[in-house]
Amino acid sequence: MEGGSGHTSVPPSSSFDKSRVLDVKPLRSLVPLMPTSTQAPPFVCSPPFGPFPPGFTPFYPFCNLQGSQSSAEPHKQANPTRATNQDGGFPFSHPTQTPVGPIPAPIRSFRAPQPATAVPPHFSGASNGDTGSSIDTSREVGTPLPTQSVNAGGSVGLAMKEDGFIKSQKRAAPHLRGSNSSQKKMKKSQDVTFSLSVDGGKGSVGNSLMGVNSVHRDDGNREVVDYVLISFDALRRRLSQLEDSKESPAGIIRRADLKAGNISMSKGFRTNMRKRIGVVPGVEIGDIFFFRMEMCLVGLHSQSMAGIDYMNVRGDLEEEPVALSIVSSGGYDDDAEDSDVLIYSGQGGTKKDKQVADQKLERGNLALERSLRRANEVRVIRGMKDAVNPAAKVYVYDGLYTIKESWMEKGKSGCNIFKYKLVRLPGQPVAFAAWKSIQKWKEGFTSRVGLILPDLTSGAESVPVSLVNDVDDEKGPAYFTYFPTLKYSKSFKLTQPSFGCNCHNACLPGDLNCSCIQKNGGDFPYTANRILVSRKPLIHECGPTCPCFPNCKNRVSQTGLKVHLEVFRTKDRGWGLRSWDPIRAGTFICEYAGEVIDKVKQGGDEGENDEYIFDTTRVYDNSLKWNYEPGLLDEERYADSDEDFKVPSPLIISAKNVGNVARFMNHSCSPNVFWQPVLYEHNNESFLHIAFYAIKHIPPMTEFTYDYGIAQSEKFEAQSSDTLNRKKKCLCGSSKCRGYFG
DNA sequence: GATACTTCAATGCG
DNA sequence: CCGCATTGAAGTAT
């Protein structure tokens, strides 16, 4: 994480050539006018076509745009990275049948492709008998973890892929269990029903073909940690969704986080179970968490509530406890003002948040005391209120500290409290310190180093977007017109009008009379905090024809930016996009704004034409598995499980002349953002929009990236030198980097 | 290995 | 927007 200090920065404003800066400013922006009706959400520009609700005045902000645009000087400054395309790992390799046009009302209108066709033949055979029906419970119970097999390399595995864990795997027939020979090629979990009930109890650990292998359960790595966290959150979102709609299978789920954590724990979706001092493999300084359970699952801090985690080790004479990690999040009166020093309070003596008794030198307190003498490293997690969602907390892993002093003092209530002074080991990447800087930028106490413009949208978005360069002399991206949404400037096909829902005020999860919810297969696509639950071929949001208010929870992607973003200069990839705020997995980030075009021009100006193009017909990696694993719940509905789908109708967007922040998002072969087609209206798929959501939690100041995919033509063409020239060398740096993109 | 105990949660309500 | 009560699960200790 870059902290904003210690980096090369642009000269102070005094030495700045302001005229040049102003020159940049022409990032002209258009603020869309608001329809007069309250029925339309803010910042949504309806295409100039009906139907419109009564009182809705179509607005054409782009009438004279052509002129102004052409005057825009095309001094395009190639952004090497910002190349074309997009997408986030979506799968469209198989032609998928997706219903088009008028959507029949049945719940689950967009079904995933039929499993039968997708399952490799040899596998269909293996799973024979499991397909489409529940596995009988008798097989479940008492089925131990698959026999561990030691392969040539000596690694121990449970029927899994070479990379050590299974993304999602179809359950093998019983006679194949324990053998990994026939399972290598399996890609997706299909329609196998795992008859595990949510509260089936800790006994039913039966199916462990999913999850994390036994080696990684003890010692993880980055990939496994990501996998565990993504799986957990997918499950948590689904439980939350069920809870919101009051249709939770096992009664009320008050705490989706605990329930999801419990299921993950009992099914082996966890890693780094072996307790350890110091570094936890796969967990990096700066990583963020939104639930205590997440830190348990990855072995960073294994106490679900307690602030001090410790383990017994052999001491000089006998076993003694040593502290492993602590969470400082305001539960006690800590001093967390300094970002390198933490005065941490001991535990105990409290009742309902109040100090009612002297603390004793036992448990965590004793461990901290021993760790002071032993001078061992202690992991520190800092928790604080989430600015975006003040009811919730965010936790940041702030790296290793050592305990320098301890003492006892009288607390405000007069009781004795232990205090421990922890000092951060030098040389670690900044984490909490960066949060403090950001807080100061927001409060206006200090200004962002390298800030070129406080808001490059000139007010077109409801939150400012900073333009920053603290690495070189570039004063800004090439001229373009900022516009917050999609422009359908040409014709589009309206097959037939359809009508919005009849919900007044807001659509409510679980209301199956709401036609918008029906179109989403009966599920409300978002949780109460505007988090996307699952990827789907299409998300149906309420549109202008719906009478519900703009704050209806089914209008997430159309209500604009919510987090404070910045467009920043990268070291070697042109401009990029990142956030000042921490982002939860499933958070809507932005849509891909621009002008809808017919096709990408080939040849000619080359290069120029495919800069800033988003094209759904490109070929995308289909390996992203983001949705919850249905086998973990006792569900009969599986619409969300398959993520191998195709965009209902092709959409090509050019953001070269007109666009929003999305045009700055760079490519990565290991992205943290995916794209998802969203339909705002009930008319026609030509009204598609492309929305970006976070794949995983993204710490502040971490660049957003998605997978640009590969131009379709190149998939079939011979790799002529011409073709290769059009590709761009990928600088994402991921271990899974394909080497090029575009 | 059952069970009690402790604990810097997370939510929802008023 | 807050304080409060309620519900909770992992790990540790017994």
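The values are calculated or read from the model by the stated rules, or taken from the named source; none is laboratory data. From a predicted model like this one, the values you see are computed outputs, not experimental measurements. Virtual Cβ from ideal backbone geometry, glycine too; neighbours counted across all protein chains shown. Surface accessibility is based on the protein's heavy atoms, side chains included, excluding ligands, DNA and RNA. Shrake-Rupley method; radii C 1.70, N 1.55, O 1.52, S 1.80 Å.
Descriptive notes on the structure:
- Label sites at A:LYS246 and A:LYS442, each approximated as a point 7 angstrom past Cα along Cα to Cβ, lie 3.5 nm apart.
- Cα lying deepest toward the dipole's positive end in the stretch A:390-467, options A:ALA460, A:LEU400, A:ALA433, charges on Cβ: A:LEU400
- Stokes-Einstein diffusion for the stretch A:287-428, with the hydrodynamic radius set to the Kirkwood value over Cα pairs and evaluated at 25 °C in a medium of 0.890 mPa s, equals 159 µm²/s.
- Two-site label geometry, A:ASP219 and A:ARG254: point separation in nm, points 7 Å out along Cα→Cβ: 4.1
- Per-peptide average of other Cβ atoms within 10 Å, ordering A:552-564, A:413-425 highest first: A:552-564, A:413-425
- Stretch gain in nm, segment A:LYS404-A:LYS385, where the contour uses 0.36 nm per residue and the Cα spacing is subtracted: 4.1 nm
- Over the stretch A:303-351, volume per residue of the alpha carbon convex hull, in Å³: 113
- Entries in A:LYS696/A:LYS727; A:LYS275/A:LYS421; A:LYS352/A:LYS421; A:LYS385/A:LYS562; A:LYS487/A:LYS728 that, when Cα-Cα distance is taken, lie over 20 Å: A:LYS696/A:LYS727; A:LYS275/A:LYS421; A:LYS352/A:LYS421; A:LYS487/A:LYS728
- Put A:GLU319, A:GLU377 in order of accessible area, highest first, and with a 1.4 Å probe you get A:GLU319, A:GLU377.
- Candidates per trypsin sites (Lys or Arg not before Pro) in the stretch A:317-364, loop by DSSP, up to 13 other Cβ within 10 Å: A:LYS352
- Applying both filters, DSSP loop and at most 13 other Cβ atoms within 10 Å, to the chymotrypsin sites (Phe, Trp or Tyr not before Pro) of the stretch A:518-605 eliminates every site.
- One Cα centroid belongs to the stretch A:248-308, the other to the stretch A:520-551; the line between them spans 29 Å.
- Atom-type composition of the exposed protein surface of the stretch A:287-428 places 48 percent of the accessible area on carbon and sulfur (1.4 angstrom probe).
- Multiplying the residue separation of A:ALA506 and A:ASN312 by 0.36 nm and removing their Cα-Cα distance gives an extension gain of 64.5 nm.
- For A:ASN376, net neighbour charge (Lys/Arg +1, Asp/Glu -1) across residues whose Cβ lies under 14 Å away: +4
- Pairwise label distance in nanometres, A:ASP472 with A:VAL341, each label 7 Å out on the Cα-Cβ vector: 4.1
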